[in-house]
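The values are calculated or read from the model by the stated rules, or taken from the named source; none is laboratory data. Treat the numbers as computed from the prediction; the structure is a model and nothing was measured. Using ideal geometry, Cβ is built from the backbone for each residue, glycine included, and neighbour counts are taken over all protein chains shown.
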Amino acid sequence: MWRDPYTCTSDSESPAPAGTQAANSRAPQPAPEPWPDETRQAIAYHVQQILRLCGEDVNRPGLVDTPMRVARMMEEMLAGMRVNPDDVLSTVFDEAAAGPVVVSDIRFYSLCEHHMVPFFGTAHVAYLPSDRIVGISKIARLVDAVSRRLQVQERMTEQIADAVERVLQPAGVMALVEAEHTCMCARGIKKPGSRTVTVATRGEYSRDANLRSEFLQLIRRT
C-alpha cells in the first residue's frame, strides 16, 4: 500500500467550479523525496570509476565535478520512481461530461532502461468521463510521473492508461505516445529522426473504432 508522506493543505488548489463537488483533493501536488546525500555520493563515486575505466583523467578540470553532476541529473530524471502515478491525479471532481476530455502535445523526457540514454517526445491522453473529472494539469503531471524513471515506451503508455482508468473509472481511455529514441538515433543502427508510436486503449476506446478515429483527428487537428 502506497503511503503519501507529504503534508497537504486544502487551500493550494483552486476552488471547485460552481455545481461541482470535490470527490478527492490532496494538495499540494506530492513532490518526490530528495535522495539522501549518501546516495548521491555513492552514485558520484561509481561514475568517477566508470570515467577512470574509460581511460579519462578524472582530476582534469572539466571532469572534477562531473560525477556529482551526473548523480544530481539522475536524481532529477528518475524522480518519477518516487511518485505513485495514482496520487498525481489528486484533484477529482464529481462531474459528468458529454464528450471526451483530450489533453494533447504533452512533452516528456525519459530514460530507456536498456541503454540508460534518453527518449523523448509527446503524449496525448483522452478519457470519456463517467461521473468524475480530474484537473487537466494532472494529466500532464501523470505523464511526468511515469516518464521520469527507467522506462520503455510501451510500458509507459500502458501505465498512463491504467492510472486514468483506476482513479477516474471512466467509460474509456486512450493514450498515444510518440517518441524519438537516442539509443536508436545516436548509436547502433543510427537512424536519427525515426519515430516510435505506441497506443493503449481501455473501455469504449477499445471497442469503438469511431472513437479512436475521433481521438486521432483531434490530436492531429485535421
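Could you run through region 132-164 and say how many residues are under 11 Å from L89 (Cα atoms) and either assigned to a strand (DSSP E or B) or not β-branched (V, I, T) (or both)? The total comes to 10. Screening region 178-221 for helices (runs of 4 or more DSSP H) wholly inside it with 1 or more residues that are more than 21 Å from F108 (Cβ to Cβ) and either without any contact (Cβ under 8 Å) to a residue 40 or more places away in the chain or small (G, A, S) (or both) returns the ranges 204-207, 209-220. For M77, the requirement of being at pLDDT 95 or above, under 19 Å from the mean Cα position of the chain (by Cα) and crowded, with 16+ Cβ neighbours inside 10 Å is met.
For region 35-48, the set of residues classified as in a loop (DSSP other than H, G, I, E, B) and either surrounded by 12 or more Cβ atoms within 10 Å (Cβ to Cβ) or at pLDDT 95 or above (or both) consists of W35 only. Condition test on M174, is it of a type in the set (A, V, I, L, M, F, W, C) and within 13 Å of F120 (Cα to Cα)? Answer is no for this residue. For region 14-32, the criterion of a residue being out of contact with any Cys (no Cβ under 6 Å at 6 or more places or on another chain), among the hydrophobic types (A, V, I, L, M, F, W, C) and modelled with pLDDT of 95 or more is satisfied by no position. Each residue in region 81-122 was checked for being assigned to a strand (DSSP E or B), in contact with an Asp or Glu (Cβ under 8 Å, 6 or more places away or on another chain) and not aromatic (F, W, Y), and 4 pass. Close contacts from region 130-141, counting a first residue that is without any contact (Cβ under 8 Å) to a residue 40 or more places away in the chain and a second that is in a loop (DSSP other than H, G, I, E, B), with Cβ to Cβ under 7 Å and a gap of 6+ residues or different chains, come to D131/A96. Among the conditions (1) in contact with a Ser or Thr (Cβ under 8 Å, 6 or more places away or on another chain); (2) not in a loop (DSSP other than H, G, I, E, B); (3) not aromatic (F, W, Y), P170 misses just one, which is (2). Can you confirm whether region 148-155 contains a residue that is without any contact (Cβ under 8 Å) to a residue 24 or more places away in the chain and under 25 Å from P32 (Cβ atoms)? Yes, region 148-155 contains a residue that is without any contact (Cβ under 8 Å) to a residue 24 or more places away in the chain and under 25 Å from P32 (Cβ atoms).
Among residues of region 94-117 that are within 21 Å of A140 (Cβ to Cβ), those with a beta-carbon under 9 Å from a residue that is basic (K, R) and surrounded by 17 or more Cβ atoms within 10 Å (Cβ to Cβ) at least six positions away or on a different chain give the pairs E95/R132; F108/R148; Y109/R148; S110/R148; S110/R149; L111/R148; L111/R149.
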